[in-house]
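Q: Dropping a structure here in structure tokens format, bear with me for questions.
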Amino acid sequence: MFKDILVPLLTGDIPCPALRAACALASTCDGHVTALVGVSQIAPVAQAWKHYPPGSYQNMRECATATVQAMADAARRWMVCEQVHFEISQSQEFWCTPGEICIGPARRSDLIVLGTVDGDEREARQRLLSEILLGSGRPVLVIPPSAPPAASTGKAVIAWKSSRESARALHDALPWLRRMRSVDLLMVDEEREASNRSCLDALVIGHLENNGIQARLVRRLASAGQVGAVVAAHAVEVHADLLVAGGYSRSRLLEQVLGGATRYLTECTPVPTLLSH
């Protein structure tokens, strides 16, 4: 299972579903949780600082430092009551984007746990998820606001397609899948592609069996652009405790916005979702 678990806490929501989920997961596998607290104050171009009033830069830094310390104190007060190994990491990268703050620590972790939010912060949180997913090389566990922590045993659904991202997600999830009571390998065909699907996908069942995982093959059809909705509906229908999927995105020229199916899963699925890219 995952030993080093990172939870970015950059918005002050302490505790949050992501932190609770990380602690619950760590308690089942003797893991270690790092709560990363920080704030982002994107700096203007350096040449502009000479036009700012004296002391502005120092005041902004002092304010950011005090904010991070307060967030660290809040996280520590909550986590001391949890029966897990933990540490609080205080970022001093005030002039970086939230994604830049997280990438370094994420690359030194086994798993990143990130919560989703509704309302005005949704786009910012989706952008952060995309940057971590594409830039860290690590799996990300996405926790919906109202979801219970992902169960270490229970029902898992693997959203499978013959792609690099799906293969990566399946590999990253293997230690977790071995603990699950039952696993569905879900293959969703878009109607215009259904006749071209390769029967070789069914060999994934054999790969899972070789890794000690008994899985049920499930096939569904979806109209164009509805793959995410079909995957989410199946996960809800079978009362899944965990959804495993490849994380897809558009090009960097489009600001690394998550692809349609991935975005739907992270915004509309009430099931903890493990994504890998």
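The values are calculated or read from the model by the stated rules, or taken from the named source; none is laboratory data. Quick caveat: nothing in here was measured; it's all calculated off a predicted structure. Glycine also receives a Cβ, built like all others from the backbone with ideal geometry; neighbour counts cover every protein chain displayed. SASA here: full protein model, heavy atoms, side chains in, ligands and nucleic acids out. Shrake-Rupley method; radii C 1.70, N 1.55, O 1.52, S 1.80 Å.
Q: Here is a list: Arg77, Arg125. Which entry is more than 12 Å from Leu36 (Cα to Cα) and modelled with pLDDT under 95?
A: It is Arg125.
Q: Continuing with this model, one more query. Considering only the stretch 94-119, state which residues are closer than 22 Å to Thr65 by Cα and of a type in the set (Ser, Thr, Tyr).
A: Within the stretch 94-119, just Thr97 meets the criteria.
Q: Related question: Does the stretch 102-114 contain any residue that is touching a Lys or Arg at 6+ places or on another chain (Cβ under 8 Å), of a type in the set (D, E, K, R) and within 30 Å of Tyr57 (Cβ to Cβ)?
A: Yes, the stretch 102-114 contains a residue that is touching a Lys or Arg at 6+ places or on another chain (Cβ under 8 Å), of a type in the set (D, E, K, R) and within 30 Å of Tyr57 (Cβ to Cβ).
Q: For the list (1) more than 21 Å from Ala124 (Cβ to Cβ); (2) part of a loop (DSSP other than H, G, I, E, B); (3) at pLDDT below 95, I need the number of the one condition that Arg61 fails.
A: Condition not satisfied by Arg61: (2).
Q: Which residue pairs have Cβ atoms under 7 Å apart, sit 6 or more places apart or on different chains, and have a first residue in the stretch 228-245 that is touching a residue at least 12 places away in the same chain (Cβ under 8 Å) and a second that is open to solvent by 50 Å² or more (accessible area, probe 1.4 Å)?
A: What qualifies is Gly228/Gly260; Gly228/Tyr264; Ala229/Tyr264; Val230/Arg220; Ala232/Tyr264; Ala232/Cys268; His234/Arg220; Val236/Pro270.
Q: In addition: Got at least one residue in the stretch 34-52 being open to solvent by 40 Å² or more (accessible area, probe 1.4 Å), hydroxyl-bearing (Ser, Thr, Tyr), modelled with pLDDT of 90 or more and in a loop (DSSP other than H, G, I, E, B)?
A: yes
Q: Hey, another quick one. Checking the condition closer than 28 Å to Ile112 by Cβ, at pLDDT 65 or above, assigned to a loop (DSSP other than H, G, I, E, B) and open to solvent by 40 Å² or more (accessible area, probe 1.4 Å), which residue from His239, His207 passes?
A: After ruling out the rest, the residue left standing is His239.
Q: Within the stretch 247-268, identify whether any single residue is open to solvent by 70 Å² or more (accessible area, probe 1.4 Å) and at pLDDT 90 or above, and answer yes or no.
A: Looking through the stretch 247-268, none of the residues is open to solvent by 70 Å² or more (accessible area, probe 1.4 Å) and at pLDDT 90 or above.
Q: Is there any pair linking a residue in the stretch 103-127 that is in contact (Cβ under 8 Å) with a residue 60 or more places away in the chain to one that is part of a helix (DSSP H, G or I) and open to solvent by 70 Å² or more (accessible area, probe 1.4 Å), with Cβ under 8 Å and at least six apart or on different chains, and which?
A: Sorted first by the residue in the stretch 103-127, then by its partner, the pairs are Thr116/Arg122.
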